[in-house]
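Take a look at the structure below.
The values are calculated or read from the model by the stated rules, or taken from the named source; none is laboratory data. This structure is a prediction, so every number in the text was calculated from the model and none was measured. Counting neighbours? That spans all protein chains shown, and the Cβs are built from the backbone with ideal geometry, glycine included. Side chains are part of the model used for accessible areas, which takes the heavy atoms of the whole protein and leaves out ligands, DNA and RNA. Shrake-Rupley method; radii C 1.70, N 1.55, O 1.52, S 1.80 Å.
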Amino acid sequence: VVFSHGYCLGQDAWHFQRAALRGAVRGVYWDQRSHGRSERGRAQRASRERVGEAEDSAPVSIDLLGRDLKAVIDAAAPEGPLVLVGHSMGGMTMMALAAQYPGLVAERVVGAAFIGTSAGNLADVNYGLPVVGMNAVRRVLPGVLKALGSQADLVEKGRRATADLFAGIIKRYSFGAKDVDPGVARFAERLIEATPIDVVAEFYPAFAEHDKIEALCAFDHMPALILAGAGDLITPSEHSEAIAAALPDAELTLVPDAGHLVMLEHPETVNARLAEVLAAAGAGEALTTRAASGEGTERG
């Protein structure tokens, strides 16, 4: 079972899922390029060394991330059946894999889970802002991120100085409930804070170009889960509904009182739905009972 995390996160975002499935399936958890414990992408690092930190680096694309996922599969799970699980950018990475390697998906992938993700039209997301305000943000944000990325050291100092404000923004855009567990909220903050601002800037343009609705047909022959928080402001539930329309036999679950980081906010629900997909894919009925009982979801 290969888990692909989202933008500005890392493999530790699957903390509760790793605990719930430990010993039941072989899990592969990886950090996408420039995230978590992975190195900066070699192409991005090399271009920065050539032209200087203040200039553009080699672009990141969702297709590139799909090729990264193929490399991870080749290295860590070169044989046997696969279940792919992706959150946000990780779900897009799965779609890019399918678009470029449809034979791999057809031959080896026996189940899939798309969590809080999108197949396209991300440029239309308003992030809960008024239309007028969001139009202004769209005009200036790419340039602002580029400028911030060129002054990464200064920006990181500013992030530390405004930690309380930053924490409030993270909470609003990560969770749907106001009373989210403080430990979980702080855990999410640490994950997001660990992503350097120049990496944030480097990846952002790729999302406007993402359009993989046609690639979803590669997953229509297998058990599939589409799950999102009903209060997700980053990849709104309408995007999950669009994926469900392309995969009419998949299970669609919209979790009330949940935001973008639904797998941290409501791990019991996510784990139970994942267990059902894994059982349907042949991983064993015991998984369903185990996840539904809440085993492995203790918050510590």
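How long is the gain from Arg190 to Lys178 if the chain were fully straight, where each residue apart is worth 0.36 nm and the alpha carbon distance is subtracted? Provide the component values of the computation, followed by the final result.
Values: separation 12, 0.36 × 12 = 4.32 nm, distance 1.88 nm.
Roughly 2.4 nm would be gained on extension.
Give me the one-decimal nm value for the distance between modelled label points at Asp124 and Glu241, 7 Å along each residue's Cα-to-Cβ direction.
Simple spin-label model gives 1.2 nm for this pair.
Could you work out how far the C-alpha centroid of region 233-275 sits from that of region 1-45, in angstrom?
So the two Cα centres are separated by 19 Å.
Testing the spin-label approximation: label points 7 Å from Cα along Cα→Cβ at Arg42 and Ala19. State their distance in nm.
The modelled label-to-label distance comes out at 3.7 nm.
Extension gain Glu209-Lys70, at 0.36 nm per residue separation less the Cα-Cα distance, in nm?
Details: separation 139, 0.36 × 139 = 50.04 nm, distance 2.06 nm.
My answer for the length gained is 48.0 nm.
Hey, can you grab everything whose amide H is under 5 Å from the amide H of Val28? Only 5+ residues off in sequence or another chain; H modelled, so Pro and N-termini drop out.
Residues meeting the amide H criterion: Val2, Phe3.
How much accessible area per residue does region 202-261 have, counting only protein heavy atoms and a probe of 1.4 Å, in square angstrom? Each step should come with its number before you reach the end.
Working: 2500 Å² over 60 residues.
For region 202-261, the per-residue accessible area is 42 Å².
Bin all alpha-carbon pair distances of region 178-282 at 10 Å intervals from 0 and give each bin's fraction as a whole percent.
Cα pair-distance distribution for region 178-282, in percent: 13, 35, 37, 16, 0.
When only Cα pairs under 8 Å and 6 or more residues apart are kept, what is the percent relative contact order across region 191-291? Intermediate results must be reported in sequence, preceding the final value.
Working: 112 pairs, mean separation 23.4, N = 101.
Across region 191-291, relative contact order equals 23 percent.
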